[in-house]
């Protein structure tokens, strides 16, 4: 019963987070090629089945962020493994969102992180040892360890630089889906202002 | 904080209920002209804003039940008022779902209700006094009172017969969205079996 | 080949019409309980399979008209039968859209029709003979004949008043889906202005 | 008028193609990280605005390919530039679809191409000169020229191998959207059989 309630709270927090994101047109320019997902893991989640995400990911339709399907268990692969791994270093991490990464966005996120006292990190995928990339499932532990070694703790927000066959991406980690989406929206608004000034 | 958790649990229960419904192709023949909504009210909800429902209702796409939008607060009018009114007679009622009503479906639901010891009711809209229909918002209290007077308690499942300008509809009431959808799915499966035998 | 091209043109005209409608927020207050469909019939269509419509109908999501599914053949029942019947009186009719009908909207549509020299009609469903309603499939011919008898020709726009178990509805008929949607959008904008003045 | 009809035919052919794809569950394992788009260019299209595609791309929801939005003009960037460039070498090319590329899929597509007398090609992105990658918009002409130089003509189907920050992808080119989707569906079915035998 307790477990059922926790699962419902997680699914509902994710639904609310996505509603918030869907109302934010400014987020659309941060849409990466691989699309966005928001994930929220059950306490002690050991596999993607125990992580809630948006079925079919979030894309942009008619200019607005748009959830393709419903919040559902097991609807994400990469982002759910990322949160499960991140939790090994910080038990308060339950949720994550990814978004586009380029040099302009990096500048905005760095400034936003500094202004809001968030720990900022990055992963240099060119430094990934060949034996790590070669072994299935060993990239994620290596990446998260890189981040922790670099900052002395798990960062609140970080990017993975381009990799071979991989689009660079930003990730925000946090306590729940509503809070990571809140940060993503704040960054999207800063980015819009920055672009408007530059344009 | 407590309130926020309750709201999240409700939204998540609704999301789970709709996922369950979307997986049930047998429900599609029970789609009424006005489409389906599933609603779940906050404790003490006084208006539709405090009732969660599916934005844009649930329709049929490619043969399956399909949620047009996301679970959201204030996304239903009729069904949310119905649950708020029903609760005055039974505080355990929090959620409801509507579906198609015709003579075939009435037979199936009556039998299902009997077999599962559910209280079955109906509203004869031809008996609605003119002064009730004329006054905005007074139909719902009249309808729910009719149901309670008839059965001595609020029924678990009932239909409203055709009205003037109104499609007849079935409604299931229950403790949460997952449970009313569970009953709707069970009825849909019985209906399919009945049709197959008849056909 | 010729036939394939015609079918594609129809599906594409419907897709374009729905894109136009989806961009028109002002249309949302005209959403009826039964939701909206836009239909476009093949030349000589004899059944609903030969009429294109939106799978799952058009609803309102996040405040905007929203197509639940894709333009597809056979995705409408009522509206496709209506267009097939209407064509018997005017071979130039290929498409139709329905929308909400109430006393306010009737006033706006009447004025719009007069200003734009459109023939306006209505169906009084209380005059439908019992033997017509009783016989499956005989309502539609009766309704369309009523309209033609009343105006001396098929109207461009008409409403069906409330019936027993039937929501009152407006229908626009026309040469293609883009043109009936264009009229619907123009009416929605007039309605918004009228409401704003009154409010 | 002629132009309007052509535009409608294209949008309708795209709508039909996507309906076909949405009905093919076997295509879901071919979904790449960047999601799928199907594009169809107007004759003489000079920019993406003159190419129809699916707004928000095609993803997988509840196990099936699912169009996030409607067929619309200007809804693709990469795939539309690809078709515009490809057309310089073969005026009969109007449409394209992309899908996932890995070593297993490459084997299946190679065999399928041979069995069906399709010209198969690939782009080795490691050979892309630095001055090409550095200059915005010069990658596409280089890639298509590579393909033509390799096969003596534009291939019917090809893959781009992994690039720096780029997922490897397959592309099918053809006369219209329905035909490229037909090939994609045939390949998806072959892939399923191959997996089943291997598994």
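Tabulated values for the structure
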{"quantity": "Options B:122, B:142: the member that is in contact with a strand residue (DSSP E or B) (Cβ under 6 Å, 6 or more places away or on another chain) and surrounded by 11 or more Cβ atoms within 10 Å (Cβ to Cβ)", "calculated": "B:122"}
{"quantity": "Qualifying positions in the range B:103-146 - at positive phi and modelled with pLDDT under 95", "calculated": "B:137"}
{"quantity": "Residue in the range A:21-29 that is under 29 Å from residue B:3 (Cα atoms), within 14 Å of chain B (Cβ to nearest Cβ), part of a helix (DSSP H, G or I) and modelled with pLDDT under 95 present", "calculated": "no"}
{"quantity": "Matching residues, the range A:116-142, being assigned to a helix (DSSP H, G or I) and free of Cβ contacts under 8 Å to residues at least 40 places away in the same chain", "calculated": "A:126, A:127, A:130, A:131, A:132, A:133, A:134, A:139, A:142"}
{"quantity": "Sole exception among (1) over 17 Å from residue D:175 (Cβ atoms); (2) crowded, with 20+ Cβ neighbours inside 10 Å for residue D:53, by number", "calculated": "(1)"}
{"quantity": "Any hit, the range D:88-102, residues being facing chain A (nearest Cβ under 10 Å) and on the phi > 0 side of the Ramachandran plot", "calculated": "no"}
{"quantity": "The range A:33-63, residues that are within 10 Å of chain D (Cβ to nearest Cβ) and either out of contact with any strand residue (DSSP E or B) (no Cβ under 7 Å at 6 or more places or on another chain) or part of a loop (DSSP other than H, G, I, E, B) (or both)", "calculated": "A:33, A:34, A:35, A:55, A:56, A:57, A:61, A:62, A:63"}
{"quantity": "Subset of the range A:12-27 [free of Cβ contacts under 8 Å to residues at least 60 places away in the same chain and surrounded by fewer than 24 Cβ atoms within 10 Å (Cβ to Cβ)]", "calculated": "A:19, A:22, A:23, A:25"}
{"quantity": "Meets criteria (within 14 Å of chain C (Cβ to nearest Cβ) and farther than 22 Å from residue B:18 by Cβ) for residue B:142", "calculated": "no"}
{"quantity": "Flag for residue A:7 being within 14 Å of chain B (Cβ to nearest Cβ), buried (at least 17 other Cβ atoms within 10 Å of the Cβ) and in contact (Cβ under 8 Å) with a residue 12 or more places away in the chain", "calculated": "yes"}
{"quantity": "Candidates C:51, C:18, C:38 - the one that is farther than 26 Å from residue D:57 by Cβ and within 16 Å of the chain's Cα centre (by Cα)", "calculated": "C:51"}
{"quantity": "Tally of residues being more than 10 Å from chain B (Cβ to nearest Cβ) and either part of a strand (DSSP E or B) or touching a residue at least 40 places away in the same chain (Cβ under 8 Å) (or both) across the range C:66-84", "calculated": "8"}
{"quantity": "Test: residue in the range D:166-180 that is under 24 Å from residue C:5 (Cα atoms) and in a loop (DSSP other than H, G, I, E, B)", "calculated": "yes"}
{"quantity": "Residues satisfying the stated conditions in the range A:147-161, i.e. surrounded by fewer than 21 Cβ atoms within 10 Å (Cβ to Cβ) and assigned to a helix (DSSP H, G or I)", "calculated": "A:148, A:149, A:150, A:151"}
{"quantity": "Residue that is surrounded by the most Cβ atoms within 10 Å (Cβ to Cβ) [pool: residues in the range B:162-199 that are without any contact (Cβ under 8 Å) to a residue 40 or more places away in the chain and within 14 Å of another protein chain (Cβ to nearest Cβ)]", "calculated": "B:163"}
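Residue-wise test of (1) out of contact with any strand residue (DSSP E or B) (no Cβ under 6 Å at 6 or more places or on another chain); (2) under 25 Å from residue C:90 (Cα atoms).
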site: C:115; (1), (2): yes, yes
site: C:118; (1), (2): no, yes
site: C:132; (1), (2): yes, yes
site: C:136; (1), (2): yes, yes
site: C:147; (1), (2): no, yes
site: C:155; (1), (2): no, yes
site: C:164; (1), (2): yes, no
site: C:176; (1), (2): no, yes
site: C:179; (1), (2): yes, yes
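The values are calculated or read from the model by the stated rules, or taken from the named source; none is laboratory data. Owing to the predicted nature of the structure, the values given are computational and were not obtained by experimental measurement. Counting neighbours? That spans all protein chains shown, and the Cβs are built from the backbone with ideal geometry, glycine included.
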